[in-house]
Amino acid sequence: MDLVKLTEEIVKSLVVNKDSVSVKEFPTEEENVILIQVMVDDSDMGRVIGKEGRTANAIRTLVQASSALSDNKYVKIDIDKF
């Protein structure tokens, strides 16, 4: 599965404002690293980050596990608000 689509589906399942979710992949200088940027509405930031960052870490774990099954690349996920 495409890592960007997977990340987008996970994040959209958590937020209230699904239309304001933007997930994009950016190139990195490192060959085996994928950078995914997630932008959400300010009001949904707490839902995506979670208590003590647990939800964000769970998202990263799921996407990294999916990457290990296919590309075996390291995935960095940046979460920010509009």
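The values are calculated or read from the model by the stated rules, or taken from the named source; none is laboratory data. Note that this is a predicted model, so its numbers are computed, not measured. Neighbour counts are summed over all protein chains in view; Cβ atoms, including those assigned to glycine, are modelled from backbone coordinates with ideal geometry.
For this structure, a couple of remarks:
- Residue match in the stretch 17-33 (condition: surrounded by 15 or more Cβ atoms within 10 Å (Cβ to Cβ), of a type outside the set (Val, Ile, Thr), modelled with pLDDT of 95 or more and in contact with a helix residue (DSSP H, G or I) (Cβ under 9 Å, 6 or more places away or on another chain)): no
- Boolean, Glu31 is among the acidic types (Asp, Glu) and over 10 Å from the mean Cα position of the chain (by Cα): yes
- When each of Lys51, Lys73 is tested for being in contact with a helix residue (DSSP H, G or I) (Cβ under 8 Å, 6 or more places away or on another chain), without any contact (Cβ under 8 Å) to a residue 60 or more places away in the chain, farther than 14 Å from Glu8 by Cα and of a type outside the set (A, V, I, L, M), the lone residue that passes is Lys73.
- Residue list for the stretch 49-58, filter: farther than 21 Å from Tyr74 by Cα and not acidic (Asp, Glu): Gly50, Lys51
- Selection from the stretch 49-82 of residues that are assigned to a loop (DSSP other than H, G, I, E, B) and either in contact with a Ser or Thr (Cβ under 9 Å, 6 or more places away or on another chain) or surrounded by 12 or more Cβ atoms within 10 Å (Cβ to Cβ) (or both): Gly50, Asp71, Lys73, Phe82
- Selection within the stretch 1-48 - closer than 14 Å to Lys73 by Cβ, in a helix (DSSP H, G or I) and β-branched (Val, Ile, Thr): Val4, Thr7
- Check on Met45, surrounded by 12 or more Cβ atoms within 10 Å (Cβ to Cβ) and in contact with an Asp or Glu (Cβ under 6 Å, 6 or more places away or on another chain): no
- Within the stretch 54-68, residues that are over 14 Å from Val11 (Cβ atoms) sit with their Cβ atoms under 8 Å from residues that are of a type in the set (D, E, K, R), at 6+ positions apart or across chains, in these pairs: Ser67/Lys73.
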